[in-house]
Each structure stands twice: as C-alpha cells, then as structure tokens.
Amino acid sequence: MSEYSIDTKIVHSGERQTPPAGQPVAIPIYTSATYTYPTMAEMDQVFAGEGGDFVYSRYGNPTVAALQDSIGALENGKVSIAFGSGMAAIHGALMACELQVGSVVLASRDLYGASYDLLYKIFAPLGIKSHIADFNDLDSLKSKVEEVRPQVLLTETISNPLLKVCDISAVAEIAHTASARLIVDNTFASPYLCRPLDLGADFSLHSATKYLGGHADSAGGVVVSNEETDRASLTGVMKLVGGVLSVWEAHHILRGVKTLALRLERQCQNARVLAERLAGNERIEQVYYPTLSGDKALTARVLRQPFGGGLVTIRLKKDTREAAYKFMDSLRLCVRGTSLGDVYTMMSHSSTSSHRELSPKKRSELGITDGLVRISAGIENVDDILYDIENALIQ
C-alpha cells in the first residue's frame, strides 16, 4: 500500500487479510455485506450457483449458514434456511409449497394468532383460500381434507396457548394421502423435544426467537425440509422477499442453541412442578399442561419423554380481563411479556397479545378467554417462581 496516498490507505489498509491457518473454535461473526474473488470468472461461477461460496449477504452469509447447518442437523433435515423472524419462516414455508390462485391451505384451529393473520390478510388477497379444522379430531380432519382438497396443511407441535399436542404422524398420513404437504410449527417443542420430519412432516419451522435463542435478545426464524428440492424455493423466497436474518442475530441464536438441552430440561421440570402445584389452587379454574390435561399416550409418542414442554397455561377462577391484569400486575419475579422460551419465567395474556386480532367470538370458540394466562417457565428456582405466582394470586 506504500504507493498510495493516505486517503486511499485509510479506506483499504487492513482489509482482505489471508485467513488464519488455525480454525476458530467458535464460528466468527462475518459482517461483510459482499465478497470479492480474484477473477470475474470465479465471481460469475458463484453468482450462477456453481460454487458453494458467498457473494452477497442477502444471498447467504457464513455465520447464518452455520446456524442453518446446526438446526438442520438437530431436525434431521436435508435443507435448512434461516429467516429474519418466525413469521417470515412461516411465509417462506408456505411459498415453498408453490401456492397459487385457487390453492387451499388447511390450518389447525389451534394456531398462533399471527399465523391466521398471515393466511387471511396476506395470502387471501392473492387468491389463496384457507380453511380451519380441528387437527386433534382425526376423523373430522380427514373428512375436511377430502372436502376442500388442500395443497398444504399447517399445524403446531404444541398449540398456542392451550398446549394441545398434535399427532404429527397421523396428520402427515392424512396429508400425504391427499397429495398435500404438512408444515409443522415446532417452536413450542424445539428439536430437543420433537423432530417433526422424523414423524412424517414435510417442513418443520421455528421462531428462533424463542427456545433456540433462549435469552430474549435476538429474533429470527428457521425452516427445515426433508427434500433437497425445496432448497431453491426456500432460498428464493428468502432472497427475493428479503426476510434475511441478521448476522448478529444468527450469532446470538447459534450461541443460544448450545445450551438448549440444559435449559429446556430445567424449563420442562419447572413447568411440570408449576402445573401440578397450581392445579390445586382455589383461585385457578383450569390448568393446561400436556402430561396432565392432554392425551398422555399421544404426548409420549410425540415428545421426548418424560417431558411435557416448558409451558403451562392457566384459566383463572375469575375468568375476566380485570382479574388477569390484577394477577399479572402483582407479579414481582415473573416477567410480563409476549414471548416465551427464555431463561426468565414469562407471563402472557393471550387474548390481548398473541390472539388480539381475533374477534371476541372467535377467541371464545377457541377457548381463549380473558382469564387465560400462559406461563413460560424459566430456569429459576421453581420454589421462587411458585412463591411469586401464588402470592400474586391472592392480591
């Protein structure tokens, strides 16, 4: 650089160093937005998809690729593509199913509220029809599939917020008999508790913001497929729609994944204790937890045993918004928030958060009443969590 002026040296000095001979133990954070090559012929090859290297961050990034490889391995999938959020991941999975005018999506009646919004506010104006069915009633589901002939079925491993476990194997068989594809939102279970692809699903997706990241400091989404042919479609949606995962978010989530098993075991243990203890509380009408209130045999088939997940939902005896607000405002340890899966125990009021956009009538039909509160168990001492909840209930 000695032949250049100080102005030019300021711009270029220190850049484009030869990579170190030693391999980093932890994946580095690659912040470069673009990549250069010794010749235009080599760059042309990469743009043409003939090389496995990187050229532009919207197309791919080494740190993001490391996260994709990690989640793909955990889900036993062949293709894993990261997105900027869980909603972008759901959108990507649906688009990868090649939906077009007249296509039909059959969605579970027990689904995250924003997933409904995506179907009815984004896909419906494009001429894509959506129908709702009870995925826990297999006979009814089979009849509905025969009636509407969907191209895609969309469900959740553990439903939000009533924590119903889906019989993924049976639903996958129903879907495939009708030549439909099955998308499973595996956010509430994570790959540690369930791997939907092993049970016959075509796509497993995550809001990586939740259990995968686990520390309330990053947002992202991942879609995993068991078909190599889905790679081009998923990557195309990511590149063209632009729901790209930030390299910083990818690094945070990948770091969080390293402790997923340790965190989730503690969260599941805490959740079970909470469910068992709160079931006897006189101020609680009902407790929802897969190994207590649900189909225990089904839960054992779908989820890693002996776990039932890290979430508990309660319906207060006074089933009103005022009672729920009073309870949640009285909490001193547990965090009031809209997310889940973090190291902190977190409370969410479903009717004003995750399912806010649904009409009161629709929420009532789904069993999402104003006195319903979802608890995401953290990794704190369970006695401290219980003390906070029980004390808040009597305020």
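Hey, among Arg272, Arg283, which residue is charged (D, E, K, R), farther than 30 Å from Met95 by Cα and buried (at least 22 other Cβ atoms within 10 Å of the Cβ)?
Arg272
Each row is one residue, and each column tells you yes or no for (1) touching a strand residue (DSSP E or B) at 6+ places or on another chain (Cβ under 9 Å); (2) part of a strand (DSSP E or B); (3) at pLDDT 95 or above; (4) assigned by TED's automatic domain parsing to the domain that holds Leu212.
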residue: Gln17; (1), (2), (3), (4): no, no, no, no
residue: Val46; (1), (2), (3), (4): no, no, no, yes
residue: Gly60; (1), (2), (3), (4): no, no, no, yes
residue: Gly77; (1), (2), (3), (4): yes, no, yes, yes
residue: Ser80; (1), (2), (3), (4): yes, yes, yes, yes
residue: His91; (1), (2), (3), (4): yes, no, yes, yes
residue: Leu94; (1), (2), (3), (4): yes, no, yes, yes
residue: Val105; (1), (2), (3), (4): yes, yes, yes, yes
residue: Leu118; (1), (2), (3), (4): no, no, yes, yes
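How about the range 137-236: which strands (runs of 3 or more DSSP E) wholly inside it have at least 2 residues that are within 17 Å of the chain's Cα centre (by Cα) and within 27 Å of Gly60 (Cα to Cα)?
Fully inside the range 137-236 and qualifying: 181-185, 203-207, 221-225.
Pull out all pairs, ordered by first then second residue, where Cβ-Cβ is under 6 Å, the residues are six or more apart or on different chains, the first lies in the range 297-326 and is within 18 Å of Leu366 (Cβ to Cβ) and touching a residue at least 12 places away in the same chain (Cβ under 8 Å), and the second is surrounded by 15 or more Cβ atoms within 10 Å (Cβ to Cβ) and among the acidic types (Asp, Glu).
As it stands, the answer is Arg315/Glu285; Thr320/Asp370; Arg321/Asp370, since those pairs meet every condition given.
For the structure I just gave you, tell me whether Asn160 is modelled with pLDDT under 95 and farther than 30 Å from Ala48 by Cα.
Yes: the conditions hold for Asn160.
Criterion first (more than 17 Å from Glu265 (Cβ to Cβ) and not assigned by TED's automatic domain parsing to the domain that holds Ala133) does Ser359 satisfy it?
Yes, satisfied.
Quick test for you: out of Lys142, Lys121, pick the one residue that is surrounded by fewer than 19 Cβ atoms within 10 Å (Cβ to Cβ) and touching a helix residue (DSSP H, G or I) at 6+ places or on another chain (Cβ under 9 Å).
Lys142
In the range 349-381, how many are of a type in the set (Ser, Thr, Tyr) and modelled with pLDDT of 95 or more?
Selection size over the range 349-381: 1.
Can you list residue pairs whose Cβ atoms sit under 6 Å apart, with the first residue in the range 214-241 being farther than 30 Å from Ala261 by Cα and the second being buried (at least 21 other Cβ atoms within 10 Å of the Cβ)? Count only pairs 6 or more apart in sequence or on different chains.
Ser233/Ala96; Val237/Gly92
Of the residues that sit in the range 182-201 and are surrounded by fewer than 24 Cβ atoms within 10 Å (Cβ to Cβ) and not aliphatic (A, V, I, L, M), which one is nearest to Asp167 (Cα to Cα)?
Applying the filter and picking the extreme gives Gly200.
With the structure loaded, tell me whether Ser350 is assigned by TED's automatic domain parsing to the domain that holds Tyr288 and crowded, with 22+ Cβ neighbours inside 10 Å or whether it fails that test.
So Ser350 fits the description; yes.
Find all pairs meeting these conditions: Cβ atoms under 8 angstrom apart; at least six residues apart or on different chains; first residue within the range 166-180 and surrounded by 23 or more Cβ atoms within 10 Å (Cβ to Cβ); second residue among the aromatic types (Phe, Trp, Tyr).
From residues that are surrounded by 23 or more Cβ atoms within 10 Å (Cβ to Cβ), the pairs are Cys166/Phe135; Val171/Phe135.
Quick one: count up the residues across the range 57-106 that are acidic (Asp, Glu) and within 25 Å of Leu119 (Cα to Cα).
The number of residues fulfilling the criteria is 1.
Does the range 338-346 contain any residue that is of a type outside the set (Asp, Glu), under 25 Å from Pro196 (Cα atoms), assigned by TED's automatic domain parsing to the domain that holds Glu380 and touching a helix residue (DSSP H, G or I) at 6+ places or on another chain (Cβ under 8 Å)?
Yes, the range 338-346 contains a residue that is of a type outside the set (Asp, Glu), under 25 Å from Pro196 (Cα atoms), assigned by TED's automatic domain parsing to the domain that holds Glu380 and touching a helix residue (DSSP H, G or I) at 6+ places or on another chain (Cβ under 8 Å).
Before we move on, is Ala65 without any contact (Cβ under 8 Å) to a residue 60 or more places away in the chain and within 30 Å of Val241 (Cβ to Cβ)?
Taking the combined requirement at face value, the residue satisfies it.
Considering only the range 85-92, I want to know if a residue exists there that is surrounded by fewer than 21 Cβ atoms within 10 Å (Cβ to Cβ), in contact with a helix residue (DSSP H, G or I) (Cβ under 8 Å, 6 or more places away or on another chain) and over 28 Å from Gly367 (Cα atoms).
No, because not a single residue in the range 85-92 is surrounded by fewer than 21 Cβ atoms within 10 Å (Cβ to Cβ), in contact with a helix residue (DSSP H, G or I) (Cβ under 8 Å, 6 or more places away or on another chain) and over 28 Å from Gly367 (Cα atoms).
The values are calculated or read from the model by the stated rules, or taken from the named source; none is laboratory data. Just so it is clear, the model here is predicted, and its values are computed rather than measured. Cβ coordinates were reconstructed from backbone atoms using ideal geometry, including for glycine residues, and neighbour counts include every protein chain displayed.
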